[in-house]
Amino acid sequence: MALISQIRKQKWLLVGSLAAALFLFIAMLMFDNPNQSFFGGSQTLLGDINGRKVDYREFSQVHEMLYRNAGGDGFSDRTSLWNYFVDEAIVEQEAQALGLGVSKTELLELQFGDDRSRLSPIISSRYVNQSTQQLDREQLNQLKDIITSGKVDQMISENKLIPDFKYRWAHQEKEVIKDRLQTKITNMVAKAMYTPTWMAEMIGNAQGETIDFLYVQVPFDEIQNSEVTLSDDDFKAYFNENKNQFKQDQETRKVEYAVFNVLPTAKDSADIRQRIADLAVPFAEAENDSLFVENNYGTIDAAYFKKDALSAAIADTIFKMANGTVYGPYLDLNTYKAVKLLDKKVIPDSVKARHILLRAEDQNGAIAANKTIDSLKALLETGAATFDSLAAKFSQDPSNASKGGDLGFFAPGTMVKPFNDVAFFEAEIGKVYKVFTQFGIHLIEVTDRKFGSNPESSVKVAYLSQDIIPSQATQDAVREEALQLQEENTTLEALRKSAAAKGIDMETSPALKRNDYAVGSLGAGQGSRELVRWTFGVDPSTKPPKVGDVSPEVYSFQNQGEFYVSKYAVAGLKSIRPAGIPTFAEVKDEIEPQVINRKKGEMIKAKMAGKTDLGSIAGSFSVQVDTATSVSFASAFIQKAGAAEPKVVAKAFKVDLNQLSEPLVGNTGVFVVKPTNKPPVSSAANIAQVRQSSQATTRGTARARLIQSLRSSADIEDNRSKFF
């Protein structure tokens with residue numbers, strides 16, 4: 001008994017020991033399976049679509065494969081890929097429920113079929129001959145032979161296919177199948193849409209009926225906003241009538257933020273100008289211009305430019321310079337530049353040329369094509385063969401191979417740039433040149449030139465240039481200002497007051513969703529994504545925010561393609577709106593303009609009381625009586641009002657001819673109408689044509705909205721915000 005009594009007294013120790021043992025046991029299991037979360041489920045579960053689990057590793061592998069060289073911030077790519085995963089799962093499940101599928105025979109036809117109309121649009125859009133912009137049937141046939149003969153691994157080992165070809169093709173097959181199944185499902189739904197005769201007759205009558213009427217339009221601007229006093233009852237009344245418009249399927253949040261723009265100082269500008277000035281002399285003395293501009297962030301172009309193609313900052317000066325001289329620094333928009341005149345000569349208005357083209361689909365193909373081109377070039381230069389015969393035998397440009405490769409005369413800019421530059425700026429008549437373009441490797445021979453009656457000189461130039469951007473010191477100084485504001489203000493209200501005292505404007509974001517990566521004027525990118533993650537409290541390293549909290553981080557933003565911080569932001573959480581229908585207070589700021597106009601409408605209507613003709617109404621508001629003719633009930637567009645006014649047009653059809661309507665609040669103001677003519681419908685509508693048109697519209701809508709509807713009804717768990 002004494003022992004039991006002691007145990008009871010020390011029961012906290014026993015419970016604690018058991019808890020510690022349980023914790024160690026769970027931890028051991030987690031180390032054995034690091035992908036398992038603490039309370040079950042996978043730590044790498046990116047999402048779940050109606051039971052179809054998407055693992056983060058699977059998603060990342062597909063993303064890396066598809067978008068490895070895409071550039072950009074990656075957020076839009078991941079969003080597109082996630083939408084594909086969602087749609088694929090939904091379509092596959094719907095297809096199974098309906099008994100739909102894609103057979104192997106159908107899949108082959110979708111990928112390689114001879115009838116282009118039956119090819120998958122995915123294949124038709126991806127396998128295009130760049131020179132003809134038509135389907136590259138030759139490439140498709142080659143791929144079909146490789147895949148059906150089981151030679152994929154061999155071709156990969158010989159570097160004739162990219163290493164991950166099998167995985168890319170397998171993913172593409174999934175895309176093709178998904179697209180085909182989606183088309184079948186949407187066609188089933190669309191073809192079920194039918195317009196009955198009574199509806200076709202009603203639509204036909206609505207389309208055929210027109211009305212002429214006189215009207216007065218008093219715009220809302222007739223009353224100043226300062227004259228309008230609103231109560232909560234005004235907001236509630238408008239909200240209760242329109243509450244379903246504000247229903248949302250996801251929680252949204254808004255942030256309010258102070259923006260610190262990072263702008264170059266006068267010292268930054270002077271330093272950049274001096275850097276260009278210091279390079280001017282060595283630029284002029286450089287023997288290898290291409291190497292010099294490459295080492296000093298310059299540009300050089302093989303092209304020659306006429307005066308009207310040059311910047312106004314140098315157009316007059318450059319033609320007075322001697323070859324090899326440098327002008328600058330000079331300011332061209334927001335850039336300091338120095339320009340070197342490399343050459344000056346007259347360029348033909350057109351040239352006549354012929355070519356031999358060998359295509360190169362991959363690295364090995366390029367090596368082989370280059371070797372063949374070198375051999376053909378040697379044959380031509382030694383006179384062992386003629387251009388015509390080699391073009392007919394070897395050229396892979398079907399449009400002119402049979403004509404000896406003759407391209408006829410063409411003007412500057414007609415051909416792709418490398419081809420154009422050699423033909424117009426480098427080639428001598430009778431010599432053969434090798435040129436690489438996106439279409440393959442060419443042998444080019446210029447056979448004739450034409451010059452205008454008043455030929456102008458053109459110049460070849462090289463530039464050194466540097467944009468006027470903030471220095472690192474300037475960026476750091478602005479960041480310190482932002483940090484100071486953030487550290488001194490821990491609440492949004494305090495941040496607002498402090499920003500106002502410093503003359504810093506505060507901005508409010510649009511409603512943000514959990515996976516958004518763009519925030520108002522801050523734009524899209526990593527900085528915006530980090531701000532959204534804090535806003536929703538998904539970052540485990542920070543405390544989830546409450547409304548009124550200020551973020552503990554100062555966010556930095558770079559413009560795309562630029563390598564400096566262009567702005568900093570200090571942000572606070574302004575509001576949280578749960579999914580579903582909000583309260584009127586949560587949308588009060590959004591609906592205020594509409595509520596004001598509604599109140600103005602009531603005030604304008606009150607001022608119209610007692611006036612019984614359009615002239616007196618127009619005179620009291622200094623507006624005119626307008627005429628609307630042949631207004632259709634179906635379109636409800638009033639030309640002079642400049643807007644669709646369905647309530648006004650409906651009222652015009654309802655009021656008796658030559659009778660004055662009561663004042664009506666429309667979309668753009670308050671209207672009073674007086675119908676003057678309602679022409680009879682000239683003939684009965686063509687019911688078959690109306691039905692066909694109506695069904696086409698309805699079916700098009702079904703095709704456009706079906707997947708969206710299936711998404712909204714699907715059970716989707718989206719955990720992307722935890723990973724990205």
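In region 413-424, the residues that are among the polar types (S, T, N, Q) form Cβ pairs under 9 Å with partners that are assigned to a helix (DSSP H, G or I) and at pLDDT 90 or above, at six or more places apart or across chains, as follows: 414/420.
Here is a check on your reading of the model: is residue 476 in the same structural domain as residue 571 (by TED's automatic domain parsing) and either among the hydroxyl-bearing types (Ser, Thr, Tyr) or not in a loop (DSSP other than H, G, I, E, B) (or both)?
Yes.
The condition of being buried (at least 16 other Cβ atoms within 10 Å of the Cβ) and either within 43 Å of the chain's Cα centre (by Cα) or modelled with pLDDT under 90 (or both) holds for residue 470. Scanning region 148-166 for residues that are touching a residue at least 40 places away in the same chain (Cβ under 8 Å), surrounded by fewer than 16 Cβ atoms within 10 Å (Cβ to Cβ) and within 23 Å of residue 64 (Cβ to Cβ) returns 159, 162, 164. The selection criterion, being under 30 Å from residue 538 (Cα atoms) and either surrounded by 14 or more Cβ atoms within 10 Å (Cβ to Cβ) or in contact (Cβ under 8 Å) with a residue 24 or more places away in the chain (or both), holds for residue 261. Of the listed requirements (1) free of Cβ contacts under 8 Å to residues at least 60 places away in the same chain; (2) surrounded by fewer than 19 Cβ atoms within 10 Å (Cβ to Cβ); (3) within 20 Å of residue 479 (Cα to Cα), residue 542 misses just one: (3). Of all residues in region 268-280, those satisfying the criterion of being in contact (Cβ under 8 Å) with a residue 40 or more places away in the chain and either more than 27 Å from residue 527 (Cβ to Cβ) or surrounded by fewer than 19 Cβ atoms within 10 Å (Cβ to Cβ) (or both) are 268, 269, 271, 273, 275, 276, 277, 279, 280.
The single condition among (1) among the β-branched types (Val, Ile, Thr); (2) touching a strand residue (DSSP E or B) at 6+ places or on another chain (Cβ under 6 Å); (3) modelled with pLDDT of 95 or more that residue 265 does not satisfy is (2).
Residue pairs whose Cβ atoms lie under 8 Å apart, separated by 6 or more positions or on different chains, with the first residue in region 654-667 and more than 19 Å from residue 601 (Cβ to Cβ) and the second surrounded by fewer than 18 Cβ atoms within 10 Å (Cβ to Cβ), are 657/676; 657/677; 657/678; 658/676. Scanning region 97-155 for residues that are among the hydroxyl-bearing types (Ser, Thr, Tyr) and part of a helix (DSSP H, G or I) gives 105, 117, 124, 125, 148.
Every residue, every condition in (1) under 30 Å from residue 269 (Cα atoms); (2) assigned to a loop (DSSP other than H, G, I, E, B); (3) not assigned by TED's automatic domain parsing to the domain that holds residue 430, yes or no:
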{"residue": "340", "(1), (2), (3)": "yes, no, yes"}
{"residue": "357", "(1), (2), (3)": "no, no, no"}
{"residue": "367", "(1), (2), (3)": "no, no, no"}
{"residue": "372", "(1), (2), (3)": "no, no, no"}
{"residue": "390", "(1), (2), (3)": "no, no, no"}
{"residue": "398", "(1), (2), (3)": "no, yes, no"}
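Residue pairs whose Cβ atoms lie under 7 Å apart, separated by 6 or more positions or on different chains, with the first residue in region 605-625 and in a loop (DSSP other than H, G, I, E, B) and the second at pLDDT below 95 and hydroxyl-bearing (Ser, Thr, Tyr), are 611/620. Across region 225-249, the qualifying residues are those that are of a type outside the set (D, E, K, R) and farther than 28 Å from residue 496 by Cα, and the one among them that is surrounded by the most Cβ atoms within 10 Å (Cβ to Cβ) is 239. Taking region 425-457 as the range and being free of Cβ contacts under 8 Å to residues at least 24 places away in the same chain, closer than 17 Å to residue 349 by Cβ and surrounded by 12 or more Cβ atoms within 10 Å (Cβ to Cβ) as the test, only 429 passes.
The values are calculated or read from the model by the stated rules, or taken from the named source; none is laboratory data. Here the structure is a predicted model, which means the values were calculated and not measured. Backbone-built Cβ (ideal geometry, glycine too); neighbour counts: all protein chains shown.
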